[in-house]
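Data block below; observations after.
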Amino acid sequence: MMCRCLVSCLMIGSFALLASCTSTPGAAEAPAPAPMTLAWTPGPVLPAGRDHHATWIVPAANGTAQLYVAGGTDYHGMFADVWRLPLSARGEPTGEWTSAGTIPARRAGQGVATDGKYVVLAGGQDSTLRKVTDVWTAAVLPTGELGAWTPAPALPAPRFHHALVFHEGWLYALGGLEAKESVDAGFRAPFRNGVVGTWTALPPTPEPRSHHSAFVVGDTLYLLGGLNGNPAGQNTPLTSIVAATVGGDGALGPWRAAGEIEPAVATHATAVANGVVWTAGGVEDNARFSRSVWRARSGSALAGVAWSRDTTALPEASSHVHQMPVFAGRVYRVGGGSRRVVTGQTLMARVE
């Protein structure tokens with residue numbers, strides 16, 4: 001069993017980030033900008049539906065890109081296959097999904113990050129449902145295709161349903177499950193010229209967290225939602241958003257409260273596109289699968305901006321799509337599941 005967490009239906013509630021802002025006495029207030037929305041359209045269908053997979057985009061030298069999917073599960077078996085979809089410079093598919101080889105072993109719930117020149121996969125769960133520490137890297141070729149996967153320094157401890165983020169030459173592995181329970185521990189490692197350095201411990205988060213999303217705005221790293229506890233047993237759905245400032249040396253400052261999401265959301269995905277933070281799908285309160293999309297203007301610190309539910313929801317409720325990569329002003333979402341029924345749908349959304 002992958003995990004028993006749920007999440008569906010339309011989100012009803014509020015979502016705001018806490019931050020301070022200043023104003024100049026006597027200064028005229030700028031008119032509020034028109035809200036942006038995501039216009040979702042279907043794309044080529046992935047030949048083998050799945051969830052718990054990794055999704056990322058890498059650019060090619062000619063301005064085009066390749067959208068990738070690797071690993072995951074359909075609840076009948078776990079995958080090691082890799083698929084790619086070519087994208088034009090405008091982000092439109094120019095073909096169908098084609099096989100792009102395999103990763104070194106079957107994996108689900110792994111973290112993925114890229115600096116545009118190399119891709120990193122870390123942790124996850126293997127075909128025996130064992131949480132693992134493996135880290136693999138692959139070079140991005142000028143065509144946007146990938147070179148061979150090679151092993152890199154392993155995570156200090158197993159991780160599953162964690163978040164992996166690249167920022168300014170550093171990798172951050174945050175939260176997740178080490179065995180059956182969520183953890184508050186994280187790690188960072190330098191990542192330069194395709195080489196992963198030594199992993200070191202990060203300051204613990206205020207509470208254990210797995211099944212969450214992570215994103216960076218400016219010099220601030222955010223963790224949003226998730227679960228605290230055993231996803232297949234006793235757990236607490238998290239409404240909290242926490243943040244830490246990234247220093248020039250890659251170190252994180254103290255974690256601080258950065259808002260709340262109500263209802264709680266987990267197994268969702270978050271993307272930053274066109275100055276807006278978007279969170280979509282997953283499960284609400286570990287009870288209902290979700291079609292909802294939420295948005296907030298990012299700014300340098302998401303200062304005082306309330307979250308709003310987007311008028312355009314996902315076509316279907318789905319969870320365990322853990323990444324929504326962005327290219328050419330478009331957000332991409334591939335696969336996902338609801339009640340152990342998985343899909344191979346590819347969704348693309350222009351920010352309008």
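The values are calculated or read from the model by the stated rules, or taken from the named source; none is laboratory data. Remember, predicted model here, so these are calculated numbers, not experimental data. Cβ placement follows ideal geometry from the backbone for every residue including glycine, while neighbour counts extend to all protein chains displayed.
Pairs meeting the criteria (first residue in the range 98-124 and farther than 12 Å from W56 by Cβ, second residue among the hydroxyl-bearing types (S, T, Y) and surrounded by 22 or more Cβ atoms within 10 Å (Cβ to Cβ), beta carbons under 6 Å, at least 6 apart or on different chains) are A108/T73.
Here R295 fits the description: buried (at least 22 other Cβ atoms within 10 Å of the Cβ) and of a type in the set (D, E, K, R). Restrict the check to the range 86-93 and report whether at least one residue is closer than 23 Å to A214 by Cα, modelled with pLDDT of 95 or more and either assigned to a loop (DSSP other than H, G, I, E, B) or touching a Lys or Arg at 6+ places or on another chain (Cβ under 8 Å) (or both). No: zero hits. Selection of first residues in the range 245-273 that are of a type in the set (D, E, K, R) and of second residues that are part of a strand (DSSP E or B), restricted to Cβ pairs under 8 Å at least 6 apart or on distinct chains, gives the following pairs, ordered by first then second residue: R256/V242; R256/A243; R256/A244; E260/F15; E260/A16; E260/S240; E260/I241; E262/F15.
Each row is one residue, and each column tells you yes or no for (1) touching a residue at least 60 places away in the same chain (Cβ under 8 Å); (2) hydrophobic (A, V, I, L, M, F, W, C); (3) crowded, with 20+ Cβ neighbours inside 10 Å.
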| residue | (1), (2), (3) |
| --- | --- |
| V132 | no, yes, yes |
| W136 | no, yes, yes |
| G147 | no, no, no |
| T150 | no, no, no |
| P158 | no, no, yes |
| L164 | no, yes, yes |
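Restricting to the range 83-105, and then to whatever is closer than 15 Å to T150 by Cα and not hydroxyl-bearing (S, T, Y), can you tell me which residue is surrounded by the fewest Cβ atoms within 10 Å (Cβ to Cβ)? Only one residue tops the list, namely P104. Taking the range 100-146 as the region of interest, the strands (runs of 3 or more DSSP E) fully inside it that hold 2 or more residues being at pLDDT 95 or above and of a type outside the set (A, V, I, L, M, F, W, C) are 111-114.
Being more than 16 Å from the chain's Cα centre (by Cα) and part of a strand (DSSP E or B) is true for just one of W294, W307, W278. Which residue is that? Outline the logic, then answer.
Values: W294 fails: more than 16 Å from the chain's Cα centre (by Cα); W278 fails: more than 16 Å from the chain's Cα centre (by Cα).
Of W294, W307, W278, the one residue that is more than 16 Å from the chain's Cα centre (by Cα) and part of a strand (DSSP E or B) is W307.
In the set (1) crowded, with 22+ Cβ neighbours inside 10 Å; (2) among the hydrophobic types (A, V, I, L, M, F, W, C); (3) within 16 Å of the chain's Cα centre (by Cα), V217 fails one condition alone, (1). Going through P325, P254, P237, P263 one at a time, which residue ends up being buried (at least 18 other Cβ atoms within 10 Å of the Cβ), modelled with pLDDT of 95 or more, over 30 Å from S88 (Cβ atoms) and of a type outside the set (A, V, I, L, M, F, W, C)? Of the residues listed, the single one that is buried (at least 18 other Cβ atoms within 10 Å of the Cβ), modelled with pLDDT of 95 or more, over 30 Å from S88 (Cβ atoms) and of a type outside the set (A, V, I, L, M, F, W, C) is P237.
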